[in-house]
Amino acid sequence: MGKSLFKLTSLNLNGIRSATTKGVEAWLTQENPDCICVQEVKAQAADVAGKFEELAGLKGHFHFAEKKGYSGVGVYTRHEPSDVVIGFDGGEFDAEGRYAEVRFDTPCRKLSIISVYFPSGSSGPERQEAKFRFLDKMYPHLMALKAERDFVVCSDVNIAHKEADLKNWKGNLKNSGFLPEERAWMTQLTTEGGVVDVYRYLQPDTTDACYTWWSNRGQAYAKNVGWRLDYHLATPALAALARTEHIYKDEKFSDHAPITIDYALSL
């Protein structure tokens with residue numbers, strides 16, 4: 001029997017080597033999550049070997065990018081998965097190290113916990129087009145998965161869905177991360193797609209308190225000029241088990257804050 005609540009954290013590390021020098025492992029030890037999904041590992045297998053295969057007693061499963069110092073995701077878990085799935089498209093985005101899925105299957109239940117790092121389009125039109133290609137592939141992938149199993153995707157989605165999800169929404173209507181097409185994708189996912197934005201399920205009305213990312217420019221963090229880019233996206237049955245949420249801002253391990261949600265779930 002596991003604990004009555006399953007604590008699941010998502011965090012864009014902005015480099016695992018950097019985040020570990022800023023105290024993330026000590027914080028994880030104190031928080032004692034059952035599982036943590038990480039994005040932007042920015043390391044290769046050789047960098048992780050002997051150093052970061054485990055964090056705070058959790059065993060990691062990784063998808064590394066081919067390009068050094070770029071992207072990369074992982075899922076650290078206390079429980080041994082029944083299967084691990086690395087990658088989802090067999091091509092462009094698998095080369096970028098964006099998808100790691102751990103499965104916990106029993107005769108009664110099929111459950112996946114997935115760490116995904118959505119592309120950013122902010123560096124220019126070429127990357128924005130790549131982001132749209134990623135969205136076009138990710139939606140049918142999640143729909144096919146949803147037909148077979150329950151899941152929660154923990155992700156830096158790089159999209160603020162609604163006006164309440166960023167400070168300066170009027171000034172960002174033409175910027176990557178808040179483009180109409182990106183927001184429409186999130187709306188489709190969470191309406192006809194039937195996938196639940198778990199934070200908004202628990203906290204439908206927060207504004208300033210919901211942010212998980214701040215630009216390093218100016219004094220964005222100090223002034224809380226932020227964006228909500230980090231999500232738990234779950235199938236309805238799993239979302240219904242969500243009980244409490246917390247965005248941790250007392251320490252800064254990255255330009256993102258960790259978001260933790262407790263689920264009434266035993267593995």
ask   = Separation between the Lys51 and Glu92 pseudo-spin-labels, each 7 Å from Cα along Cα→Cβ, expressed in nm?
value = 3.1 nm
GNM result for the chain, Cα springs below 10 Å: residue of His79, His256, His161 fluctuating most strongly = His79
note = Looking only at lysines whose Cα falls under 30 Å of Lys223's and that sit 8 or more positions away or on another chain, we get Lys7, Lys22, Lys42, Lys131, Lys162, Lys167, Lys170, Lys174, Lys249, Lys252
request  = Consider the candidate values (1) 21.8, 74; (2) 17.1, 53; (3) 26.0, 85; state which one is Rg and Dmax of the Cα atoms in Å computed from the structure displayed.
outcome  = (2)
note = Sorting Ser215, Pro258, Thr190 by the position of each Cα along the dipole of the stretch 134-267 (Lys, Arg +1; Asp, Glu -1; all at Cβ), the one nearest the positive end of that ordering is Ser215
task = Pull out the extension gain between Arg217 and Leu173, defined as 0.36 nm times the separation in residues minus the alpha carbon to alpha carbon distance; nm, one decimal.
result = 13.9 nm
inquiry  = Rounded to the nearest 20 debye, what is the charge dipole size of the chain about its Cα centre when +1 sits on each Lys and Arg Cβ and -1 on each Asp and Glu Cβ?
reply    = 460 debye
message = With an 8 Å Cα cut-off and a minimum separation of 6 or more residues, compute the relative contact order for the stretch 51-135 in percent.
response = 23 percent
key: Extreme residue, positive dipole direction of the chain, given options Val157, Thr20, Gly97 (C-beta unit charges)   = Thr20
query = Separation of the stretch 13-51 and the stretch 152-231 by C-alpha centroid, Å?
reply = 24 Å
inquiry  = Nearest 5 percent is fine: what portion of the DSSP beta bridges confined to the chain is antiparallel?
reply    = 80 percent
ask   = Based on the Cβ-Cβ distance from Ala209 to Arg109, what FRET efficiency comes out when R0 is 45 Å, to the nearest 0.05?
value = 0.85
query = Heavy-atom accessible area per residue, the stretch 38-195, 1.4 Å probe: how many Å²?
reply = 44 Å²
key: Loop sites in the stretch 48-95: trypsin sites (Lys or Arg not before Pro), DSSP, at most 13 other Cβ within 10 Å   = Lys51, Lys67, Lys68
ask   = What percentage of the solvent-accessible surface of the chain, computed with a 1.4 Å probe over protein heavy atoms, is contributed by carbon and sulfur atoms?
value = 50 percent
note = In the chain the cysteines whose Cβ sits 4.7 Å or more from every other Cys Cβ are Cys35, Cys108, Cys210
Percent of beta bridges antiparallel (DSSP, the stretch 92-219, rounded to nearest 5) = 55 percent
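The values are calculated or read from the model by the stated rules, or taken from the named source; none is laboratory data. As the structure is a prediction and not an experimental result, all values here were calculated from the model. Note: ideal-geometry Cβ built from the backbone for every residue, glycine included; neighbour counts use all protein chains shown. For the accessible areas, the whole protein counts, side chains as well, though only heavy atoms, and no ligand, DNA or RNA atoms are used. Shrake-Rupley method; radii C 1.70, N 1.55, O 1.52, S 1.80 Å.
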